[in-house]
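What follows is calculated from the coordinates using simple rules that are stated; it is not laboratory data. Values in this document were obtained by computation on a predicted structure and should not be read as measured data. Neighbour counts are summed over all protein chains in view; Cβ atoms, including those assigned to glycine, are modelled from backbone coordinates with ideal geometry.
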Amino acid sequence: MGGSAYGAYSMTSDATGNAVTVEDNGAVSDSVYGGSSSSAATDNTVMMSGGTVSDDVFGGYCWSGCSDAFTGNTLNLHQPVTVAGLNNFEKYNFYLPATFTAGSALLTVTGTADLTDGASRSSTVNVGINGASSPPCKRATKSSSSTPQR
């Protein structure tokens, strides 16, 4: 797909409660926005089940003077994807395919993944196994150790 993909784009009101999907081998040549607004971009969902995004993926995006571009924005990942960057998601849900093996990557970020709202709030990361009989996503725990946990 040429250009950017938007769940919603508004110059005059909030972009709230929208969704955008990138599927299979889809390729977006610019950015993906759950919602983009001049006032607030909240409670938007980006669902990715494969594909590539050449630029950043945003849960919400606002121009100056915006009140909130973080709250309730959710990224749902179901298949391996590659993106340049991730921004403004309060929730990250990773659904591992049943065929997922050690050493496999569900998400490849070639730039920066910002897991905060840029101020005081941090994102929540949940992990589950894809499929009808799988348990719901569980919140990942943060290790206090400086060495990677395996």
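Between residue 109 and residue 11, what is the label-to-label distance in nm when each label sits 7 Å out along the Cα-to-Cβ direction?
According to this spin-label approximation, the distance is 3.2 nm.
Picking from 88, 44, 130, which is most flexible by a Gaussian network model of the chain using Cα springs under 10 Å?
Its mean-square fluctuation being the largest, the pick is 130.
Under a plain spin-label model, where a point goes 7 Å from the Cα along Cα-to-Cβ, how far apart in nm are residue 102 and residue 67?
Between residue 102 and residue 67, the label points sit 5.0 nm apart.
Can you tell me, using C-alpha contacts under 8 Å and at least 6 residues apart, the relative contact order of the chain as a whole percent? Before the final figure, lay out the partial values.
Values: 443 pairs, mean separation 24.4, N = 150.
The normalised contact order for the chain reaches 16 percent.
Which of 35, 128, 65 moves the most in a Gaussian network model of the chain with Cα springs under 10 Å?
Top of the fluctuation ranking is 65.
Hey, of (1) 46, 36, 30; (2) 92, 31, 25; (3) 78, 28, 22, which did the structure itself give for Cα extents along the principal axes in Å when calculated?
Only one listed value fits the structure, namely (1).
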